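Below is one structure, written out as structure tokens, with a few remarks after it.
The values are calculated or read from the model by the stated rules, or taken from the named source; none is laboratory data. Bear in mind the structure is a predicted one, so any value in this text is a computation, not a measurement. Cβ: placed from backbone, ideal geometry, glycine included. Neighbour counts: every protein chain shown.
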Amino acid sequence: MYGLVKCELLKLKRQKVIPISIIITFIPILLGLFSFKTNYAVFKDVNTGDWLKAWSQVGTFYAPIMLPIIASVYCAIIFRVEYANGNLKIILSTPVSRKSLYKSKVIISALMVLFLQAVFGISYFIFGKLFGITGSFPISKMLELLILGWVGILPLIAIQIHLSLKYEEFTKPIMIASICSLGGFFIGAIRGIRYLWPWALQKIPMDLSSGGIEGVIPKAIYIFYCLIFAGIMVMIGTKKFENMEIK
């Protein structure tokens, strides 16, 4: 499994998708910080530090749309290499099991999003300083938001990996993710059904303007739910891949 994950990482390095996606994440940070500074009087009476006040705007731009789309692009690119060069047939002719191959692609996608979350947090701190935000940076709270957001994106990754395998066209799974993420922007605000929509799960803890998740037990339930959801989707995707006829 380690060898397969390492191989997938080498393929992605050649695509140069990581630096491009990192640069794209600067957009929600800059938009959010600009909105915060422009409307600072609105946040003046909010009983939190300026870093969390600003994050309520940054997370609104990043969590519902940008993050799920970038994660979907990662998933699509992983299979684009296989379909573009006919590598999938070659790989499947080797002793590598389909189950291990499928899971390695899920793992590398999850690791890439985790790396993106780390870069996003660091970039937020740097740009926040440049925008003149003062006070102590809430490292523990930021880590919590980023990790919970990453856990929330795992079910989406599990689904998008399957869609990227199913459709050879690079753009089709990304278009599906974009439409579903746009729907998730609104569904994520509806408490009764937002946990059922995988393209909205990452928004729940990261978007502080919608309340986030408070309390140890609710956070533990959220993590457990997302992991179970992702695990079930991976099992279904693996089973379908094992029975899939590669043309």
**Message:** Need the failing condition index for residue 190 against (1) part of a helix (DSSP H, G or I); (2) at pLDDT below 85; (3) more than 20 Å from residue 111 (Cβ to Cβ); (4) of a type in the set (A, V, I, L, M), just the number.
**Reply:** (1)
**Prompt:** Within the set of pairs 6 or more residues apart or between chains, which connect a residue that is within 18 Å of residue 125 (Cβ to Cβ) inside region 138-155 to a residue that is among the small types (Gly, Ala, Ser) and assigned to a helix (DSSP H, G or I) with Cβ atoms less than 6 Å apart?
**Reply:** 142/121; 146/121
**Request:** Show the residue pairs that are 6+ apart or on different chains and have beta-carbon atoms under 6 Å apart, the first residue being within region 222-244 and in contact (Cβ under 8 Å) with a residue 40 or more places away in the chain, the second being crowded, with 17+ Cβ neighbours inside 10 Å and aromatic (Phe, Trp, Tyr).
**Result:** 238/102; 241/102
**Prompt:** Is region 197-216 home to any residue that is over 17 Å from the mean Cα position of the chain (by Cα) and more than 25 Å from residue 121 (Cα to Cα)?
**Reply:** no
**Asked** Looking at this structure, is residue 174 in contact with a Pro (Cβ under 9 Å, 6 or more places away or on another chain), of a type in the set (Val, Ile, Thr), surrounded by 13 or more Cβ atoms within 10 Å (Cβ to Cβ) and in contact (Cβ under 8 Å) with a residue 24 or more places away in the chain?
**Response** no
**Request:** Give the number of residues within region 120-150 that are of a type in the set (A, V, I, L, M) and either touching a Phe, Trp or Tyr at 6+ places or on another chain (Cβ under 8 Å) or surrounded by 14 or more Cβ atoms within 10 Å (Cβ to Cβ) (or both).
**Result:** 6
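Okay, residues lined up against (1) outside any loop (DSSP other than H, G, I, E, B); (2) aromatic (Phe, Trp, Tyr):
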position: 147; (1), (2): yes, no
position: 150; (1), (2): yes, yes
position: 154; (1), (2): yes, no
position: 158; (1), (2): yes, no
position: 168; (1), (2): no, no
